[in-house]
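These notes concern the structure reproduced below.
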Amino acid sequence: MADSNRAWVPVAALLSVLTGCVSSAGPHEPRPSTAHHATPLARLEPISPGGGPLPEDAGRLTVLAEFSSPHDRLLAYVTEDACGLLSDPGGSAEGGIRLESGFPGEGQGSDAYPGGPYGAVSGADGAGRWASLSCSRNAMVIDYVSGHPGDPGRTRGHATLTEVAGDPATTRIVVGDTGLRGRISRQAAAAAHRT
């Protein structure tokens, strides 16, 4: 009986080695990631913006979030190959801001936030409003100065709103899936505490 058990030892060792080789990644295979995999912006459910006219090319825009206050309305949107921001200064004749950034290609953009790489663009309307837009396939980070401090407003859609300490008063709107918005907000808050 002892001889028959010895015969199985090499077979068991071989099976153990083969099973280990199959279940673990080799030196040239990537290991599975436990990181959060974000839902691309283009796959998030669009919202119907409330109030105010949309631009003439609204048919190509998928609106994902809306920020509104008594003085401003911002729409965060995606197209087939870009993300953008459209501001409407509450019906005044002062104009607005329209920013659009294409999704960065491989090896382009920055990793300023999780979910990148990000392209970036900024602009102003000449009436005290300023915005910057960081855009990736997975998230948008918008910093907005309305010219009306103390009025944080509210958001609808796939967005998280925070106030950024400093002068001028800045509103940060993070657009994306819930998990990625949380990661971006935590990173931005940690960076603010270090400064």
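The values are calculated or read from the model by the stated rules, or taken from the named source; none is laboratory data. Because the structure is predicted, anything quoted here is derived from the model rather than measured. So basically every Cβ, Gly included, is an ideal-geometry build from the backbone, and we count neighbours across all protein chains shown.
Is it fair to say V145 is of a type in the set (V, I, T), buried (at least 17 other Cβ atoms within 10 Å of the Cβ) and within 10 Å of the chain's Cα centre (by Cα)?
no
Quick grid of which residues meet (1) in contact with an Asp or Glu (Cβ under 6 Å, 6 or more places away or on another chain); (2) at pLDDT below 85; (3) part of a loop (DSSP other than H, G, I, E, B); (4) over 21 Å from W130 (Cα atoms):
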| position | (1), (2), (3), (4) |
| --- | --- |
| D3 | no, yes, no, yes |
| W8 | no, yes, no, yes |
| V17 | no, yes, no, yes |
| A42 | no, no, no, yes |
| I47 | no, no, yes, yes |
| E80 | no, no, yes, yes |
| S92 | no, yes, yes, no |
| L99 | no, no, no, no |
| P114 | no, no, yes, yes |
| query | Restricting the search to segment 137-175, which residues are outside any strand (DSSP E or B), under 18 Å from A112 (Cβ atoms) and touching a helix residue (DSSP H, G or I) at 6+ places or on another chain (Cβ under 8 Å)? | reply | R137, N138
| message | I need every pair where a residue in segment 129-150 that is closer than 13 Å to L75 by Cα has its Cβ under 6 Å from the Cβ of a residue that is assigned to a loop (DSSP other than H, G, I, E, B), sequence separation at least 6 or different chains. | response | A131/I97; V141/Y113
